[in-house]
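Quick notes on the structure that follows.
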Amino acid sequence: MSHQLTPLIAFYRSEAPDHKGRYINAIWALSHFWLEHTHDYIQWLFPIPEAGRFNGFAPRLTDVEREVFHDDSVLREQQRVSLDVMLSFLGLVRDGLTITAQPSLNIRDHIWLKAGGHNHLRISRMIRSLALCHQCDLALALQQAVIHIGTEQGIVSNASIQYWSEAHKE
């Protein structure tokens, strides 16, 4: 099926940069420090239909783009690479649909384990985007992992747990 090439799809296919001129592979290669302190890339890696509060240049996931993700296994694989990058940043690792804590995971270095913060919003976005981009099993695996690990090894707030619990619904 032929699809219109949108900025988001072109970005995911490594054919065009985001609003700051960054290609997806360049974002994947950035340090955890950069991922923590930069806030305008997550919307490109994990798009959702709603406009973000912090990045007016971020793409919004449309029905057309959802259809492209549905039809294109390469795009879904690219999103799994984005997930793996973010999981590493969060101190987690994925093997298929199994997401576990890295041995080095700790509350001091992985601040998402604290009661709240911007990384909780990122996690909610990641779960929701995976579900919307036809990776529901992976969205559910991420949801279950962050809820379990966040409550067992961290002090994640009940409010964040609730957001994560609801994020995988389309």
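The values are calculated or read from the model by the stated rules, or taken from the named source; none is laboratory data. These numbers were taken from a predicted model, which means no experiment stands behind them. Don't worry about glycine lacking a Cβ; one is built from the backbone with ideal geometry, like all the others, and counts go over all protein chains shown. Ligands, DNA and RNA are stripped out before the accessible areas are found, and what is left, the full protein with its side chains, is counted by its heavy atoms. Shrake-Rupley method; radii C 1.70, N 1.55, O 1.52, S 1.80 Å.
Given a cut-off of under 8 Å on Cα pairs at least six residues apart, what relative contact order in percent is computed for the chain? List each step's numbers first, then the result.
Numbers: 198 pairs, mean separation 31.1, N = 170.
After rounding, I find 18 percent.
Take 31, 165 and sort them by solvent-accessible surface of the protein heavy atoms, 1.4 Å probe, largest at the top.
Listed by decreasing accessible area, they come as 31, 165.
Report the charge-dipole magnitude of the range 1-94 in Debye, nearest 20, computed about the Cα centre from +1 at each Lys and Arg Cβ and -1 at each Asp and Glu Cβ.
Using only the charged Cβ atoms, the result is roughly 200 debye.
Tell me which trypsin sites (Lys or Arg not before Pro) from the range 8-80 have a DSSP coil assignment and no more than 10 other beta carbons within 10 Å of their own.
Passing sites in the range 8-80 are 53.
Select one label from [x] 15.2, 48; [y] 15.2, 43; [z] 29.2, 108: the one whose number is Rg and Dmax of the Cα atoms in Å as derived from the coordinates shown.
[x]
Go through the range 56-61 residue by residue and turn each phi into a ³J(HN,Hα) via Karplus (6.51, -1.76, 1.60, θ = phi - 60°); whole Hz please, and just put x for glycine and proline.
Those phi angles translate into x, 8, 6, x, 9, 5 Hz.
Skip the ligands, DNA and RNA, and give the accessible area per residue of the range 34-105 with a 1.4 Å probe, whole Å².
Per-residue value: 47 Å².
Counting only protein heavy atoms, what percent of the accessible surface of the chain is carbon or sulfur at a 1.4 Å probe? Please report the intermediate quantities before stating the final value.
On the way: 4570 of 8410 Å².
The computed percentage sits at 54.
Pull out the extension gain between residue 23 and residue 66, defined as 0.36 nm times the separation in residues minus the alpha carbon to alpha carbon distance; nm, one decimal.
13.4 nm
Determine the calculated [θ] at 222 nm for the chain from helices alone, applying -39500 (n - 2.57) to every DSSP H run no shorter than 4 residues and normalising by the residue count; nearest 500 deg cm²/dmol.
-15500 deg cm²/dmol
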